[in-house]
Amino acid sequence: MSKVVEVATKEIGVTESPKNSNKTKYGTWFSLSGVPWCAIFVSWCYAMAGEPLPAIGFKKGFAGCQTGYAYFKKNKWITTNPQSGDIVLFDWNGDGRYDHTGIFVKWIDKIHFETIEGNTSLTNQSNGGEVMRRVRANKNVLFARVVK
């Protein structure tokens, strides 16, 4: 298991406070609190693992999925063979715009994989307010491996 996944695993169960506020310790650390925070969570996990992301729109990493996608594509971080700790972007409705991000943990079978994601829930995939372990299908996703 990668150091990034170890850090993310310890955060499972952390929620926004107050509920539905998008306020978290991750946003405070990023200096951008009260906004959707899935990418901020990914950036925080990398930093806490001692592998900080480069400035991807912000000094401490990325805060938006489309910004992340553009950077990953430009810098050739996109991979079809994800490994533990890689970044995953989700395009829920297949329109080419990425809606959510998380950290790849492992393949479960040929179609499903496990992630740890910030700002998700069983009722709101992209703005649910909690850090959770999720099982996702390999459909309309993009994987990115950090290249230093």
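The values are calculated or read from the model by the stated rules, or taken from the named source; none is laboratory data. Values in this document were obtained by computation on a predicted structure and should not be read as measured data. With ideal geometry, Cβ positions are generated from the backbone for all residues, glycine too; neighbour counts draw on all protein chains shown. To get the accessible areas, we keep the full protein, side chains included, count just its heavy atoms, and leave off ligands, DNA and RNA. Shrake-Rupley method; radii C 1.70, N 1.55, O 1.52, S 1.80 Å.
Listing for the model above:
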{"quantity": "Helix-only [θ]222 nm of the chain, DSSP H runs n ≥ 4, -39500 (n - 2.57) each, per residue, nearest 500", "calculated": "-7000 deg cm²/dmol"}
{"quantity": "Surface accessible to a 1.4 Å probe, per residue, for the residues of the stretch 72-132, Å²", "calculated": "50"}
{"quantity": "Value of Rg/Rh across the chain [Cα atoms, Kirkwood radius]", "calculated": "0.92"}
{"quantity": "Summed residue charge, Cβ within 13 Å of SER17's Cβ, Lys/Arg positive, Asp/Glu negative", "calculated": "+1"}
{"quantity": "17 Å Cα cut-off, lysine pairs counted over the chain (separation 8 or more, or different chains)", "calculated": "13"}
{"quantity": "Choice from THR101, THR120, THR79 showing the highest fluctuation, given a GNM over the chain with Cα pairs closer than 10 Å", "calculated": "THR79"}
{"quantity": "Accessible surface of the chain, 1.4 Å probe, proportion on carbon and sulfur as whole %", "calculated": "52"}
{"quantity": "Label zone at GLU6, where the point sits 7 Å out along the Cα-to-Cβ direction: the stretch 110-131 residues whose backbone N lies under 18 Å", "calculated": "116"}
